[in-house]
Structure formats: C-alpha cells, structure tokens
Protein chains: 2
Amino acid sequence: MKSYEFTVVESKLVYEGAIISLYVDKIRNAEGRILEREVVKHVDAVGIVALDDKDNIVLVRQYRHPLRARLLEIPAGLLADREDPADCAVRELREETGYRARKVEKLAEFYTSAGFTDEQFFLFFSADLEAGDPSPEPGEDDIEVVLTPLREAVEMVSRGEIKDAKTLTAILMAAQKVGRIEL
Amino acid sequence: MKSYEFTVVESKLVYEGAIISLYVDKIRNAEGRILEREVVKHVDAVGIVALDDKDNIVLVRQYRHPLRARLLEIPAGLLADREDPADCAVRELREETGYRARKVEKLAEFYTSAGFTDEQFFLFFSADLEAGDPSPEPGEDDIEVVLTPLREAVEMVSRGEIKDAKTLTAILMAAQKVGRIEL
C-alpha cells in the first residue's frame, strides 16, 4: 500500500502578528523528497446568514484592504479567545448591523484556502431576528447594511456579482436550506 | 454623504516567497484613524468541476500541510505566469487526474478570504471529458482520484463532510447548473 506520510523536517516562524503568523516549513514525503511550504496560521472566523421575516438576507458592504475595494458580504468577524462560535456569530451580526439573532444554528464549517492557511470558517444561520442599532468596533464604522431579497441574492450569484467566497457559499446554502428558492 | 475613503500611510514588505508575500500596512480612514492591516498577497488559483458521462464529479484527495490532513477537493492549482485561467483548469485536471476536458466554461470567480489575502479563485466547469493517465508534478504524487456521484457529493455537503471551501461552493454551483439534482 502506498504511503502518504509527510514529516516536518524544519519549521521556521517568519512573522507573528495580530491576526496571522507566517511559517516556512520543510516537509519530507514518503519518497524522501523535501518540499517547502509557506503556511499562514490565521485566527478562526465566523459568519452568519441572517434572514428577516420578508426573506431578505442581511448583508454588509465594507472596505477590504487586500483588494482596495468594498465588498458585499455576510456579517462576519474573528473568533475572540475562547469565544463560542455561535456567540461570535450573534455578536458580529449585532455589532455590524444591529440585528439580534434570537436563535442560530450551524450551517457549515470549512477551510477557506487549505493550500496555504489553516483559517477555518464557521457559518451560522438565523431566521429569527429583532432589529436594533449597530455598535461597530473601532475601524468598522464604514460598514453599510444592505438588505437583499434572498431570491435576488441567488440571482446575483448566477450573474457573478458576489465576489466574496464565504458569501457566495452562504447564499447557496441558505437557499438550499429554506427551500423556497429555485436554484 | 459619508466618506469611505482609506489611504495607505505605510506599506512594509515583511516576507517575499514562492507563492505568497506578506505586507503590514498602515491605512487611514475618513475620520483620520490609523489602522494596521496584515495582507498576504497570493498567486491566483484555478479549479474545475469535472463531470463524467455518469454524473460523477472528479475529486482528488491530497495532503494539505497547513491542516496536517488529507482533504477531498476539486482538482485545482496555481495560475502560472501569464497563463489563461481556462487553460490552467484543463492542465491541472489532466496532471492530477488524467482526464482531458474537451470543453470548459467559467462557473464563478471569487476572493477566498478577503479580510487578509488578495487570492482570487477562478472556478470552471466541464462535462465533456476523456479519460487518460495523470502526470503529477513533483510533490503532488500523493494525489488520489475519487469519483463521486454528484448527488452523493451534494449529500456530503449537507452532512458537513466537505471541509474545503472551494469544493463546497463548486459542488453546490455544479448541482445548480446541471439542474438534475434536488438541492
């Protein structure tokens, strides 16, 4: 039987920052070949599909510096130390949009780009909301709330207008879940 | 009208490697507040949903060092310098699985994790395949080909068994596209 074992020969910490750390590792495969791998360790992240009682999905538009652009996304943020992912989803939704989710359930969890980062994303769902005032964190005061009919959001996916990966996945999974939208 | 302008005050290159570069930037928002942003510049990536004539999706299982685990994924790889994304999709499918895609079309393009990286992913689709022998690149010889009925792949998404984000998106978009699967 073929062996798929890899062993770590060397692991060098290149940078340790607020949200990410960068390692350059040397690993040896079963044939003895040495491979170099650049690995970004990243704090885990959480997002939420929030639907109001008119089947609008609560989206936000915000500046994303890596792209020098404002993207349309589901409310999301980074997991605080020892925070429960579901609590984090509720908190981020409230901070960014003002909506209180009275009940949430998990929709999915996935690795955002497994080739170079260990970032894991926890996706939640709520269709039980109460409107309120947002309380943005410092540096997040550019966030605009955009209510979009879920049906329209699915069409935006088909037209290639949703550029943020987690949001694209979230819209498709939400449509699959509620079952009221023809995909 | 509220201003959403951000200006770059400082951009420091911390690491420049084979696939990624790391920058630590200082940016100023409209209120004059200075924010620090860690940015990973990443080569763009390409993947393909390939369906054989029995509606099996061609998946691969391979070692992902950031997770110290083998993940089930669509065939994918990094865009070579000046390579056309569609050509790259055909090449990666052939190298990793042996299948030749005679016709491909674009399904989506998205940013994998816009908060910290500019990595863009181009997703293609082909249902016109010819089987052949794989020709893995050095270091990719641990790749196993896994043919999975598309219907079963959709069920694996529902059961939370697909952990790779692009693969999760790809399966849902493929099912939406072919329209033969109840989501």
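The values are calculated or read from the model by the stated rules, or taken from the named source; none is laboratory data. What you see is a predicted model; the values in this text were computed from it and never measured. No Cβ is skipped: glycine too gets one built from the backbone with ideal geometry, and neighbour counts run over all protein chains shown. Quick note on the areas: whole protein, heavy atoms, side chains included, nothing else; ligands and nucleic acids left out. Shrake-Rupley method; radii C 1.70, N 1.55, O 1.52, S 1.80 Å.
Just to be sure I understand, how many residues within the range A:98-110 are within 11 Å of another protein chain (Cβ to nearest Cβ) and farther than 23 Å from B:Phe122 by Cα? Give the derivation first.
Our first condition is that a residue be within 11 Å of another protein chain (Cβ to nearest Cβ); within the range A:98-110, this holds for A:106-110.
Checking which are farther than 23 Å from B:Phe122 by Cα leaves us with A:106-107.
Number of matching residues: 2.
Do any strands (runs of 3 or more DSSP E) entirely within the range A:103-156 hold 2 or more residues that are among the aromatic types (Phe, Trp, Tyr), and if so, which?
Details: elements: A:105-111, A:120-126, A:144-149.
So the answer is A:105-111, A:120-126.
Checking B:Val58 against (1) within 12 Å of another protein chain (Cβ to nearest Cβ); (2) open to solvent by less than 30 Å² (accessible area, probe 1.4 Å); (3) over 16 Å from B:Thr117 (Cα atoms): exactly one of these is not met. Which one?
(1)
Consider the range A:111-128. How many of its residues are among the small types (Gly, Ala, Ser), open to solvent by 20 Å² or more (accessible area, probe 1.4 Å) and within 14 Å of chain B (Cβ to nearest Cβ)? Please lay out each step first, then the result.
Initial filter on the range A:111-128 (among the small types (Gly, Ala, Ser)): A:113-115, A:126-127.
Remaining after also requiring open to solvent by 20 Å² or more (accessible area, probe 1.4 Å): A:115, A:127.
This time we only want the ones that are within 14 Å of chain B (Cβ to nearest Cβ), so: A:115.
Number of matching residues: 1.
Looking at the range B:1-10, which of the residues that are more than 7 Å from chain A (Cβ to nearest Cβ) and in a loop (DSSP other than H, G, I, E, B) is nearest to A:Glu38 (Cα to Cα)? Break it down into steps so the answer makes sense when it comes.
Let us first name the residues in the range B:1-10 that are more than 7 Å from chain A (Cβ to nearest Cβ), namely B:1-3, B:5, B:7-10.
Still in the running and in a loop (DSSP other than H, G, I, E, B): B:1-3, B:5.
Working: B:Met1: 43, B:Lys2: 40, B:Ser3: 37, B:Glu5: 33 Å.
Here the residue is B:Glu5.
Looking at the range B:138-150 only, could you name the residues that are touching a helix residue (DSSP H, G or I) at 6+ places or on another chain (Cβ under 6 Å) and open to solvent by 60 Å² or more (accessible area, probe 1.4 Å)?
B:Val145, the sole residue that qualifies.
Can you tell me how many residues in the range B:65-75 are surrounded by fewer than 21 Cβ atoms within 10 Å (Cβ to Cβ) and either basic (Lys, Arg) or part of a strand (DSSP E or B) (or both)?
Here the count works out to 5.
Within the range B:25-34, work out how many residues are more than 7 Å from every other protein chain (Cβ to nearest Cβ), within 27 Å of A:Val145 (Cβ to Cβ) and part of a strand (DSSP E or B).
Qualifying residue count, the range B:25-34: 2.
Go through (1) under 13 Å from the mean Cα position of the chain (by Cα); (2) within 12 Å of chain B (Cβ to nearest Cβ) for A:Leu172 and report which single condition fails.
Failing condition for A:Leu172: (1).
Got a sec? Which of A:Leu13, A:Leu78, A:Leu22, A:Leu93 is open to solvent by less than 40 Å² (accessible area, probe 1.4 Å) and either within 13 Å of chain B (Cβ to nearest Cβ) or of a type in the set (Lys, Arg) (or both)?
It is A:Leu22.
For the range B:156-167, give me each residue that is surrounded by 17 or more Cβ atoms within 10 Å (Cβ to Cβ) and among the charged types (D, E, K, R).
Those that are surrounded by 17 or more Cβ atoms within 10 Å (Cβ to Cβ) and among the charged types (D, E, K, R): B:Lys163, B:Asp164, B:Lys166.
Output the residues belonging to the range A:76-102 that are basic (Lys, Arg) and in a strand (DSSP E or B). Full working, then the answer.
Just the residues of the range A:76-102 that are basic (Lys, Arg), to begin with: A:82, A:91, A:94, A:100, A:102.
The answer is A:Arg100, and nothing else.
When the range B:35-55 is examined, which residues are found to be open to solvent by less than 10 Å² (accessible area, probe 1.4 Å) and within 14 Å of another protein chain (Cβ to nearest Cβ)?
B:Val39, B:Val40, B:Ala45, B:Val46, B:Gly47, B:Val49 - these are the residues of the range B:35-55 that are open to solvent by less than 10 Å² (accessible area, probe 1.4 Å) and within 14 Å of another protein chain (Cβ to nearest Cβ).
Identify, from the list A:Ala153, A:Ala131, the residue that is in contact with a strand residue (DSSP E or B) (Cβ under 9 Å, 6 or more places away or on another chain), farther than 27 Å from A:Ser21 by Cα, of a type in the set (Gly, Ala, Ser) and buried (at least 19 other Cβ atoms within 10 Å of the Cβ).
A:Ala153
Can A:Ala86 be described as surrounded by fewer than 20 Cβ atoms within 10 Å (Cβ to Cβ) and in contact with a Lys or Arg (Cβ under 8 Å, 6 or more places away or on another chain)?
Numbers: surrounded by fewer than 20 Cβ atoms within 10 Å (Cβ to Cβ): yes; in contact with a Lys or Arg (Cβ under 8 Å, 6 or more places away or on another chain): yes.
Criteria met by A:Ala86.
Take the conditions under 21 Å from B:Thr167 (Cβ atoms), within 15 Å of the chain's Cα centre (by Cα), among the small types (Gly, Ala, Ser) and at pLDDT 95 or above and apply them to B:Ala50. Does it pass?
Working: under 21 Å from B:Thr167 (Cβ atoms): yes; within 15 Å of the chain's Cα centre (by Cα): yes; among the small types (Gly, Ala, Ser): yes; at pLDDT 95 or above: yes.
Yes, satisfied.
Among the numbered conditions (1) under 24 Å from A:Arg68 (Cα atoms); (2) more than 9 Å from chain B (Cβ to nearest Cβ), tell me where A:Glu155 comes up short.
Unmet for A:Glu155, out of (1) under 24 Å from A:Arg68 (Cα atoms); (2) more than 9 Å from chain B (Cβ to nearest Cβ): (1).
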